[in-house]
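Participant: Just dropping this structure here.
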Amino acid sequence: MGMVDPLKDVQGTTLALNGGQGAMTAALADQGLDFEETIDQIAYEQQYIKGKGVKIGADIKGDASAADNGTEATGIKLEWIRRRGTAINN
């Protein structure tokens with residue numbers, strides 16, 4: 001599936017995942033990514049970040065002070081979107 005508007009694609013995927021209307025496995029597969037490898041990589045990155053004492057990200061309202069290194073309720077989904085956005089921009 002070709003991307004017409006990458007931002008809208010990400011927003012649509014986020015809404016679908018957060019609303020229980022999609023599976024992360026399928027969303028990642030659409031991008032040519034493997035679910036388990038991606039989750040393993042995210043877990044590694046979060047542990048590394050935590051070990052360095054760094055806070056990255058924002059809560060769903062955009063409040064960076066409430067972020068917990070991507071481990072809040074929507075953290076994995078937000079992290080996936082950040083990673084997907086990086087892939088789109090490269």
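Participant: Could you list, ordered by first residue, the pairs with Cβ atoms under 8 Å in which the first is in the stretch 30-45 and in contact (Cβ under 8 Å) with a residue 40 or more places away in the chain and the second is loosely packed, with under 14 Cβ neighbours inside 10 Å, at least 6 apart or interchain?
Facilitator: 31/87
Participant: Whether any residue in the stretch 19-37 is among the hydrophobic types (A, V, I, L, M, F, W, C), at pLDDT below 90 and in a helix (DSSP H, G or I) is what I want to check.
Facilitator: No: zero hits.
Participant: Report, by residue number, each residue of the stretch 2-18 that is of a type in the set (A, V, I, L, M) and either assigned to a helix (DSSP H, G or I) or in contact with a Phe, Trp or Tyr (Cβ under 6 Å, 6 or more places away or on another chain) (or both).
Facilitator: Looking only at the stretch 2-18, we keep the residues that are of a type in the set (A, V, I, L, M), and these are 3-4, 7, 10, 15-17.
Once the filter is applied, which keeps residues that are of a type in the set (A, V, I, L, M) and either assigned to a helix (DSSP H, G or I) or in contact with a Phe, Trp or Tyr (Cβ under 6 Å, 6 or more places away or on another chain) (or both), the stretch 2-18 yields 7, 10, 15, 16, 17.
Participant: Could you list all residues from the stretch 3-27 that are in contact (Cβ under 8 Å) with a residue 12 or more places away in the chain and closer than 22 Å to residue 56 by Cα?
Facilitator: Selection gives 10, 13, 14, 17, 18, 24.
The values are calculated or read from the model by the stated rules, or taken from the named source; none is laboratory data. Please read these numbers as outputs of a predicted model, since none were measured by experiment. Cβ sites come from the backbone with ideal geometry, for glycine too, and all protein chains shown count toward neighbours.
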